[in-house]
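FYI, it's all coordinate maths here, none of it is from the lab. Predicted, not measured: the structure shown is a model, and the values here were computed from it. For neighbour counting, all protein chains shown are included, and Cβ atoms are generated from backbone atoms with ideal geometry for every residue, glycine included.
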Amino acid sequence: MTGSDFHQLRALLEWQVELGATEAIGEHPVNRYDALDVAPKVVAPASAPAPETHEGAADPVDAARAAAGAAGDLEALHAAMAAYEFCELKRGARNLVFSDGNREARLMIIGEAPGREEDVQGRPFVGRAGQLLDKMLAAIGLGRDASGKGNAVYITNILPWRPPQNREPKPDEIAMMMPFVARHVDLVDPEVIVPMGNISCQALLGRRGITRLRGAWTQALGRPALPMLHPAYLLRTPQAKREAWHDLLMLQAKLRGDG
Ligand code: URA
């Protein structure tokens, strides 16, 4: 690389940072070494086995169903998800974000997917939206750190890996992770589920439109479910906190047995 290439590349990078690019992660992994033409390519002998790919292998949803169904407890489910190779998101993520909170909880919150902070820490809802979620829960006497079953909360997401640049999860990514979510719910066995945000409603209820779905009890995976506004939405739309408070009170009443 010449000195002028270096300065040109640097100026381009600075310009991208100026525009708001915060990470050098794309939709698909790129092997930059392939682009370099500096060394002769090592050609594999004709008899070498082809690298394993998933093309032609089992259907991703069937494979997820088999792996999730074989998991007898949460540790086994975690291990099964870590060993699952069909979801491309895994390759761009730092950590598998499995869950947080008390597994004895009567309430299970199911969010969408990890963001940047969750990806770094390997725990769901630890960024700004997560901090707001903790405040919302505390306002009705609940918490992920509570040891008593009555006020404990268990939290997970539809997707355990962060989508690049926090893009929307694709339908096939949701479909292949759903058997794991369903098994997760079976194993935790909560009395009540809160699908949090549109992606979670799409995955669990087959419907979007959280502003219409919220505020009314429905069923998800055979259990009572109360769709709620995502705290990230509340950060952008503070005037919607009024509806969120209404829903929190509905949730509290249900858990107290008078809702
Ligand atoms: N948003 C989610 O839906 N889940 C997280 O874990 C963090 C942000």
Which of the lysines could a cross-linker bridge to K149, judged by Cα under 29 Å and excluding same-chain residues fewer than eight apart?
-> K135, K241, K254
In nm, the gap between the two label points placed 7 Å beyond Cα toward Cβ at T211 and D62 is 4.3 nm
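If the chain between A82 and S147 were fully stretched, how many nm would it gain, using 0.36 nm times the residue separation less the Cα-Cα distance?
Roughly 20.7 nm would be gained on extension.
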If you take all C-alpha pairs in the stretch 60-256, what percent of them are over 28 Å apart?
-> 18 percent
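Once the piece of chain linking Q219 and Q121 is laid out straight, how much longer is it, given 0.36 nm per residue of separation minus the C-alpha distance between them?
On the way: separation 98, 0.36 × 98 = 35.28 nm, distance 3.16 nm.
Fully extending the segment from Q219 to Q121 adds 32.1 nm.
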If you take the alpha carbon radius of gyration of the stretch 131-201 and divide it by 2.2 N^0.38 Å, what ratio comes out, to two decimals?
-> 1.25
Can you pull a Stokes-Einstein diffusion coefficient for the stretch 169-209 at 20 °C (1.002 mPa s), Rh from Kirkwood over Cα pairs, as a whole number of µm²/s?
-> 198 µm²/s
Would you calculate the separation in nanometres between label points at E104 and A70, each defined as 7 Å from the Cα along the Cα-to-beta-carbon direction?
-> 3.2 nm
